[in-house]
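Please read the structure below before turning to the comments.
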Amino acid sequence: MKSTKLFWGAAIVVLSIITFSSIAFSSEFEIASVFFEKNATDGDLEAIFAIQAGDEGLETLLVLGPNNRTMINLTTLGGTREYEFESPEPPDQQIIMNAYPEGTYLFVGITLNGEMLVSQDVLSHQLPDTPTLLSPSEEEIGVPLNTIISWSAVPGAVSYFVEVESDEFSFESKLPCSVTNIGVPDNFLSPDTEYELQICTVSSGGNMHCIETTFTTQ
């Protein structure tokens, strides 16, 4: 009970300071972000919260959205170092947009040793354009084991995310916007095997817009 009161008291103090000042906090989350990820292939859209607190686990976590709306509020017994929360993916994407409005999101946490962590992130509803796959082609069969995956450059992208996945293994990489191709690691691909390929454009605000397809090796 004492810890809960301390947590809510700290959150109120933080909100007051942020409202009336631009003070920078010395203790921040290693990662505290909120962003949208859209799969252009099947039309799914979801909101994702990614949170990492470092070696000392979080005892309590509070995330407030615009207008101080509570988005996440939880307490753990043994502490947790990282979280990733994913929203549902309803057919009507406006439901997600309304549930997660644009604006500033405040992350407040208290670690097991009583340290308070505070960070902010800004959520935008603007999604980047999707890349266009150049090679291999969509659902291509007979792809060489040493294939190079390539795609078109997307204006305004800050990075790209690439994932290749089979039933047993996966390979993923985040690349700067200047790079639009990547070779699959040696011995990763097996003959006559189907793989799923995902390529995402990442915007300056962290939103991701992805395409998905498959290819089968020769």
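Quick note: the coordinates plus some simple rules give every number you see, no bench work behind them. If you're wondering where the values come from, they're calculated on a predicted model, not measured in any experiment. Reconstructed Cβ throughout: ideal geometry from the backbone, glycine too, with neighbour counts over all protein chains shown.
Considering only THR216, PRO90, ASN67, and ranking their Cα positions along the charge dipole of the chain that arises from unit charges at the beta-carbon of Lys, Arg, Asp and Glu, the one farthest toward the positive end is ASN67. For the chain, pairs of C-alpha atoms spaced more than 27 angstrom apart make up 45 percent of the total.
Over the range 133-217, the reciprocal of the mean inverse Cα-Cα separation, the Kirkwood hydrodynamic radius, stands at 13.1 Å.
Which order do the peptides 140-150, 56-66, 84-94 take when ranked by the mean count of other beta-carbon atoms within 10 Å per residue, highest first? Don't jump to the answer; show the numbers that get you there.
On the way: 140-150: 14.6, 56-66: 20.2, 84-94: 12.1.
In descending order of packing, they fall as 56-66, 140-150, 84-94.
A dipole drawn for the chain from +1 and -1 charges on Cβ atoms has a positive end, and of PRO155, LEU77, SER178 the residue lying farthest that way is LEU77. Shape of the range 64-109 from the C-alpha gyration tensor: oblate (a/c of 1.5 or more and a/b not above b/c, with a ≥ b ≥ c the square roots of its eigenvalues). Relative to the longest principal axis of the Cα atoms of the chain, the long axis of helix 2-20 makes an angle of roughly 80 degrees.
Computed about its Cα centre, the charge dipole of the range 133-217 is approximately 560 debye, with only Lys, Arg, Asp and Glu carrying charge at their Cβ. Got a sec? Which residues in the range 174-218 would a label at GLU168 touch, if it sits 7 Å along Cα→Cβ and we count backbone N under 17 Å? The answer is 185-196, 216-218, whose backbone nitrogens lie closer than 17 Å to the label point.
No disulfide-compatible partner, judged by a Cβ distance under 4.7 Å, exists for the following cysteines of the chain: CYS177. A simple charge model with +1 on the Cβ of Lys and Arg, -1 on the Cβ of Asp and Glu and nothing else charged puts the dipole of the chain at about 1340 debye relative to its Cα centre.
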